[in-house]
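Every number in this text was worked out from the coordinates using simple rules, so none of it is lab data. Owing to the predicted nature of the structure, the values given are computational and were not obtained by experimental measurement. Here the Cβ is made from the backbone with ideal geometry for all residues, glycine too, and neighbour counts use every protein chain on show.
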Amino acid sequence: MKINEITLMGQYIKDLSFENPMAPNLPSQNKNPTINLDVNTTYLDLKNNNHEINLKIKSTASIKKILYL
């Protein structure tokens, strides 16, 4: 049985941001925020049998208004 090998050539953070549009006035309510988490992947076929896989993660927390992005 032939086993295909995967070699990780590198990993890096392409884009990273944190936004807090309500700062410094975060609500002091004891309500639990609504959390939304989106996870997406994309694939790109590069030259010489190399491939790029992008993982995009976006999370938001809100209590009526968006608290964190």
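Observations
- All other residues whose Cβ lies under 15 angstrom from that of TYR12 are scored, Lys and Arg at +1 and Asp and Glu at -1, for a net of 0.
- Residue among ASN36, TYR12, ASN49 farthest towards the positive dipole end of the chain, charges placed on Cβ: ASN36
- Gaussian network model of the chain, Cα within-10 Å springs - most flexible of ASN49, ASN36, ASN25: ASN49
- Dipole magnitude for the chain: about 280 debye, using +1 per Lys or Arg Cβ and -1 per Asp or Glu Cβ, origin at the Cα centre.
- LYS47 versus MET9: modelled label distance in nm, points set 7 Å from Cα along the beta carbon direction: 1.0 nm
- Anchor LYS58: lysines whose Cα lies under 24 Å away (excluding residues fewer than 8 positions away in-chain): LYS14, LYS31
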